[in-house]
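J.: Have a look at this one.
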Amino acid sequence: MTHEQLIVLHTIVTEGTFRGAAEKLHKSQSAISTMLKKLEDEVQFSLLSREAYRPKLTPEGEVFYRQSTRVIQQMQQLVSVATNINAKQEAEVFLAVTATFPLKSVLEMIGAVKANYPATHIRLSRENMGGPIERLLRGDADIIIASMDGVPTEQVEAIPFSEVTIMPVAHPNYEPATTAHMKTDSEMQSYTQVVVAHSGSDTYSQSRDLLPGGLRWTVSDFAAKKEILLAELGWGGIPTHMITEELKSGKLVPLNIESYPPRQSHLFQMRKRSSNVGIVAQSIWEKLKAL
């Protein structure tokens with residue numbers, strides 16, 4: 001069996017169809033079918049059931065697929081090791097971090113990396129919504145810290161990194177905050193929700209936590225959003241670490257909204273599977289894992 005055959009199986013499963021896998025891998029559908037058939041002949045059992053429109057892993061295929069995913073990841077790591085052995089210090093490394101995450105620990109890590117690799121210019125960008133993943137897939141960023149919402153998992157290597165609590169809040173004098181009962185979505189539609197604009201194009205735009213049909217005010221960053229909430233001009237979700245003092249002093253209070261409870265945003269460190277990782281980018285990757 002070959003690495004390419006395992007990639008074909010993985011892509012069929014993630015894309016859901018032979019046609020989707022063919023388009024993703026830039027091969028003909030017949031070539032995809034042939035490669036999978038050769039793999040099945042070699043292992044001597046069926047990996048996928050073709051009875052329905054969408055191929056489905058057989059019980060034996062489930063076991064094989066789980067192990068093959070580990071092999072693919074190990075192959076990518078092996079490629080990275082080989083690249084690093086021959087690599088020279090990069091001229092620049094680009095790190096994009098979601099605006100919901102506090103930067104303190106990341107900045108300390110960058111300082112340590114700069115001390116070891118002073119000749120490399122490290123670019124740090126704060127991005128909103130789907131901005132980090134767009135930068136990564138476009139080839140601008142080498143490493144990102146972001147949520148997995150809308151991320152094509154077959155294209156990236158992702159490791160759990162941290163969690164951030166997003167809480168809907170408002171000034172205590174803002175009308176929805178003056179009573180404790182749960183507000184329905186229809187009740188909240190007449191109040192202005194302040195949202196932070198997506199920092200990329202619409203390709204990887206994320207719309208989580210947007211109240212459908214409601215009034216909306218879009219701003220460029222969380223600092224502006226917090227100022228608007230403090231000015232009693234709207235409500236919105238903000239990472240709790242950004243409003244610790246305001247919550248403690250009562251300048252901002254949590255809201256009780258039907259479809260907008262406080263939620264945990266799970267963040268991951270990510271890089272493209274297909275990218276050549278340099279020694280500085282690898283150092284940043286390893287130090288992020290240790291945070």
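J.: Being surrounded by fewer than 18 Cβ atoms within 10 Å (Cβ to Cβ) and touching a residue at least 24 places away in the same chain (Cβ under 8 Å) is the filter here, so list the residues in segment 118-132 that pass it.
T.: Answer for segment 118-132, where residues must be surrounded by fewer than 18 Cβ atoms within 10 Å (Cβ to Cβ) and touching a residue at least 24 places away in the same chain (Cβ under 8 Å): 119, 121, 123, 124, 125, 126.
J.: Please go through segment 139-195 and give me each residue that is hydroxyl-bearing (Ser, Thr, Tyr) and either more than 26 Å from residue 268 (Cα to Cα) or within 12 Å of the chain's Cα centre (by Cα) (or both), ordered by number.
T.: 147, 153, 162, 174, 178, 179, 184, 186, 190, 191, 192
J.: Can you tell me which condition residue 194 does not meet? The list is (1) in contact (Cβ under 8 Å) with a residue 12 or more places away in the chain; (2) among the hydrophobic types (A, V, I, L, M, F, W, C); (3) open to solvent by 60 Å² or more (accessible area, probe 1.4 Å), and all the others hold.
T.: Single failed check for residue 194: (3).
J.: Name the residue that is least open to solvent (accessible area, probe 1.4 Å), counting only residues in segment 133-179 that are over 30 Å from residue 229 (Cα atoms), touching a strand residue (DSSP E or B) at 6+ places or on another chain (Cβ under 9 Å) and among the charged types (D, E, K, R). Write out each step before concluding.
T.: First pass over segment 133-179, keeping only residues over 30 Å from residue 229 (Cα atoms): 136-143, 151-160.
Still in the running and touching a strand residue (DSSP E or B) at 6+ places or on another chain (Cβ under 9 Å): 136-137, 139-143, 151, 155-160.
Subsequent filtering for residues that are among the charged types (D, E, K, R) retains 140, 142, 157.
Numbers: 140: 59, 142: 63, 157: 27 Å².
Here the residue is 157.
J.: Give the number of residues within segment 156-183 that are more than 22 Å from residue 233 (Cβ to Cβ) and among the β-branched types (Val, Ile, Thr).
T.: 4
J.: Take the residues in segment 237-284 that are surrounded by 21 or more Cβ atoms within 10 Å (Cβ to Cβ) and under 17 Å from the mean Cα position of the chain (by Cα); name whichever of them is farthest from residue 226 (Cα to Cα).
T.: 271
J.: State whether the residues of segment 278-288 include one that is basic (Lys, Arg), part of a loop (DSSP other than H, G, I, E, B) and either in contact (Cβ under 8 Å) with a residue 24 or more places away in the chain or in contact with a Leu (Cβ under 9 Å, 6 or more places away or on another chain) (or both).
T.: no
J.: Going through segment 126-174 one residue at a time, which ones are of a type in the set (Val, Ile, Thr) and either modelled with pLDDT of 90 or more or in a loop (DSSP other than H, G, I, E, B) (or both)?
T.: Within segment 126-174, 133, 143, 144, 145, 151, 156, 159, 164, 165, 166, 169 qualify.
J.: Applying the selection to segment 176-205, what residues are among the hydrophobic types (A, V, I, L, M, F, W, C) and at pLDDT below 90?
T.: Answer for segment 176-205, where residues must be among the hydrophobic types (A, V, I, L, M, F, W, C) and at pLDDT below 90: 180, 197.
The values are calculated or read from the model by the stated rules, or taken from the named source; none is laboratory data. Predicted, not measured: the structure shown is a model, and the values here were computed from it. Cβ: placed from backbone, ideal geometry, glycine included. Neighbour counts: every protein chain shown. Calculation scope for accessible area: heavy atoms of the full protein, side chains included, ligands and nucleic acids excluded. Shrake-Rupley method; radii C 1.70, N 1.55, O 1.52, S 1.80 Å.
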